[in-house]
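Structure record follows, encoded as structure tokens.
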Amino acid sequence: MAQIMENGSGKNGKYLYHVELADESDFGGYDTYSEFVACADSEEEVRKMHPDGVLNENDEGINWDCKRLNNRYGGGWVDFDDRESLKVTMLGEAKDVVKGVIVASFHAG
């Protein structure tokens, strides 16, 4: 079994990204995320991150399974299969920043 690290592999990333729901109507209300900023090597890599920040050794989010939550949001976020619908904006280069979620907007209920 792979060891789960809350900050991913511990490797530094190359870029900072802002990730948000593409359409405000996708916002799930209370106990959901609406956006996050993360450090990653590519847009593809950041799309695999979950805003709760819990990553495996490959810097991929582990809390994408929404079937147990009985709704369309995986752990308060979009389904893993819908991650291409997210709006991703590169903010710039990162220097000495560990890969993973830096800050996330969570709407507690």
**Prompt:** How about segment 1-52: which of its residues are within 13 Å of K99 (Cβ to Cβ), within 13 Å of the chain's Cα centre (by Cα) and modelled with pLDDT under 90?
**Reply:** E6, N7, G8
**Request:** Give the residues of segment 54-82 that are of a type outside the set (F, W, Y), assigned to a loop (DSSP other than H, G, I, E, B), closer than 30 Å to D96 by Cα and modelled with pLDDT of 80 or more, sorted by residue number.
**Result:** V54, N56, E57, N58, D59, E60, I62, N63, G76, V78
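For residues that are part of a loop (DSSP other than H, G, I, E, B) and in contact with a Gly (Cβ under 7 Å, 6 or more places away or on another chain), scanning just segment 30-53, find the one that is surrounded by the fewest Cβ atoms within 10 Å (Cβ to Cβ).
Filtering first and then ranking leaves Y30.
The values are calculated or read from the model by the stated rules, or taken from the named source; none is laboratory data. The structure displayed is predicted, hence computed values, not measured ones. For neighbour counting, all protein chains shown are included, and Cβ atoms are generated from backbone atoms with ideal geometry for every residue, glycine included.
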